[in-house]
Amino acid sequence: MSDENEEFVYSEEYIKQRMLQNKKERHSRKSFTWLKRLRKLLRFLMVVGLIFGLYFSLRLKYWYMSPNAFNSVHNGSLEIVNNNIVPSVNILRALRQHPIPRIPIYLYNTDILKKDIMLLEPVEDVYIRRFWMPARLLVIIKERKPIITISPAPDVEPVAFFAKGGKLIGKDYLPLDPKYKTIRVLSYGVRGDDYRHWTPEKIALIEKIAKTTEAYTKSQIKYIDFRNPEDVYVQLPEVNIRLGEIDDTIFNRLKRLPSILPQIVNLDKKIKYLDLRWDNANYIKLED
């Protein structure tokens, strides 16, 4: 009898423990469900907050260019750099052709601005960067490198210049900064060999003649006289060199300079020019 009572007591205790455990499990599941719902709510509120924050941040005034940005380069909305040949006023004139749209800077299409700046002759390429806080543009100019300047006479300022690649640029962009070391070429531009019709190949040939002459003479030329294309002169500080016609033998004739120049230094008489027109002979023309 006692064994049966003990078994009954044990079973009742076990049932109580199971009920208590099930209650705890239900409470735990309920808490976990509420926690999941709370997390979803917080996540939703965060997304909504980010959306509203992004919306209001994109509507801040710092995203919008000043309507006076293209009036001058002395403001916080526009900066122009690397323009050593093209005046900033010319670039501003190109920019002013387009009104500043009332849109955020990140939507501003700068391709049309670049296209108009590229129409300026000395400009080889343009890079436009956009910034905010405040909204502004950085215009980076890449200019063509000047290699030859054109003058009608030795004592006359250049009237045009050729850039690398043979691009002819007019006097609107002269004088050049002294830092540009160019080859000065004399040409009338109205008779003989008109420089306005020179090809890139001819520009490259003139540049090669100048560099070859300087290499052989160890001296910087003052100018090349192309006013008579059939009788070309190269003026050095110490002597004038008469090259005559520019043909296939020109560089062979220039090779003789290192052996001739020492003889000129020892002469007591004033030299008019050194004649290199002939293939196998050198002549020194003295002043009358």
Subject >> Tally, over the range 70-89, of residues that are of a type outside the set (Phe, Trp, Tyr), buried (at least 19 other Cβ atoms within 10 Å of the Cβ) and part of a loop (DSSP other than H, G, I, E, B) >> reply: 4
**OP:** Could you please let me know if VAL81 is modelled with pLDDT of 85 or more and over 27 Å from the mean Cα position of the chain (by Cα)?
**Re:** no
**OP:** Considering each of LEU95, LEU107 in turn, give the residue that is surrounded by 16 or more Cβ atoms within 10 Å (Cβ to Cβ), closer than 16 Å to ARG136 by Cβ and either in contact with a strand residue (DSSP E or B) (Cβ under 6 Å, 6 or more places away or on another chain) or not assigned by TED's automatic domain parsing to the domain that holds ALA163 (or both).
**Re:** LEU95
**OP:** Have a look at ILE221, ILE209, ILE169 and point out the one that is more than 25 Å from LEU276 (Cα to Cα) and crowded, with 16+ Cβ neighbours inside 10 Å.
**Re:** ILE169
**OP:** For PRO258, indicate whether it is touching a Ser or Thr at 6+ places or on another chain (Cβ under 7 Å) and either at negative phi or assigned to a loop (DSSP other than H, G, I, E, B) (or both).
**Re:** no
Subject >> Residue that is among the aromatic types (Phe, Trp, Tyr) and either free of Cβ contacts under 8 Å to residues at least 40 places away in the same chain or part of a strand (DSSP E or B) (or both), where the choices are TYR216, TYR188 >> reply: TYR188
**OP:** Under 9 Å between Cβ atoms, at least 6 apart or on separate chains: pull out the pairs that start in the range 241-265 with a residue that is exposed (fewer than 14 other Cβ atoms within 10 Å of the Cβ) and end on any residue that is assigned to a helix (DSSP H, G or I).
**Re:** PHE251/LYS208; PHE251/ILE209; PHE251/THR212; LYS255/THR212; LYS255/TYR216; PRO258/TYR216; PRO258/THR217
Original post:
Residues in the range 152-162: is at least one crowded, with 20+ Cβ neighbours inside 10 Å, at pLDDT below 95, of a type in the set (A, V, I, L, M, F, W, C) and not in a helix (DSSP H, G or I)?
Top reply: no
**OP:** Could you grab me the full set of residues in the range 223-258 that are farther than 15 Å from LYS208 by Cα, among the basic types (Lys, Arg) and within 39 Å of the chain's Cα centre (by Cα)?
**Re:** ARG227
Original post:
So is ILE147 touching a Ser or Thr at 6+ places or on another chain (Cβ under 8 Å) and modelled with pLDDT of 95 or more or not?
Top reply: yes
Subject >> Single condition LYS211 does not satisfy, out of (1) at pLDDT 90 or above; (2) of a type outside the set (Ser, Thr, Tyr); (3) farther than 27 Å from LEU168 by Cβ >> reply: (3)
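The values are calculated or read from the model by the stated rules, or taken from the named source; none is laboratory data. What you see is a predicted model, and the numbers here were worked out from it, not measured in a lab. Counting neighbours? That spans all protein chains shown, and the Cβs are built from the backbone with ideal geometry, glycine included.
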